[in-house]
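Below is one structure, written out as structure tokens; the observations come after it.
The values are calculated or read from the model by the stated rules, or taken from the named source; none is laboratory data. Owing to the predicted nature of the structure, the values given are computational and were not obtained by experimental measurement. A quick note on method: Cβ atoms are made from the backbone with ideal geometry, for glycine too, and the neighbour counts reach across all protein chains shown.
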Amino acid sequence: MTNKKLLIAVSVIVLLLVVTFAVSGARFKRSAAACNDGLDNDGDTKIDYPSDTGCSSKRDKSEQSTIQCDNGLDDDGDGLTDWPSDSGCASLTDNSETTPSPPTNNSSGGNSSG
């Protein structure tokens with residue numbers, strides 16, 4: 001009888017360990033690095049390291065960088081976020097979402113004759 005109880009106890013412990021490792025593995029797969037999952041997680045048309053400039057390595061958990069046109073924020077408040085959506089961004093590496101003002105014409109336009 002004692003051997004049977006010991007066998008049941010060991011079986012329960014082994015089962016609990018197997019379930020624990022299975023759940024841990026599933027959790028790890030869900031939080032896989034964004035820079036190595038084959039997806040465009042930040043919507044910039046670039047996929048994973050080294051193509052996505054927001055990825056510092058394959059283990060990076062975010063494809064977004066600190067550069068304004070690739071950080072996931074509307075830095076200039078125009079309602080558009082990052083390249084290619086924000087017209088103020090010339091590329092992913094542009095660090096300003098603000099569209100430059102057009103040059104102004106400072107000449108008076110008059111004709112001077114003398």
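Scanning the range 67-81 for residues that are farther than 21 Å from Ala32 by Cα and in a loop (DSSP other than H, G, I, E, B) yields a total of 10. Any chance the range 22-34 includes a residue that's hydroxyl-bearing (Ser, Thr, Tyr) and modelled with pLDDT under 85? Yes: the range 22-34 contains one or more residues that are hydroxyl-bearing (Ser, Thr, Tyr) and modelled with pLDDT under 85. Evaluation of Tyr49 against the conditions (1) in contact (Cβ under 8 Å) with a residue 24 or more places away in the chain; (2) touching an Asp or Glu at 6+ places or on another chain (Cβ under 8 Å); (3) surrounded by fewer than 20 Cβ atoms within 10 Å (Cβ to Cβ) shows that the sole unmet condition is (1).
Of all residues in the range 71-114, those being surrounded by fewer than 15 Cβ atoms within 10 Å (Cβ to Cβ), of a type in the set (Ser, Thr, Tyr) and either in contact with a Leu (Cβ under 8 Å, 6 or more places away or on another chain) or modelled with pLDDT under 70 (or both) number 6.
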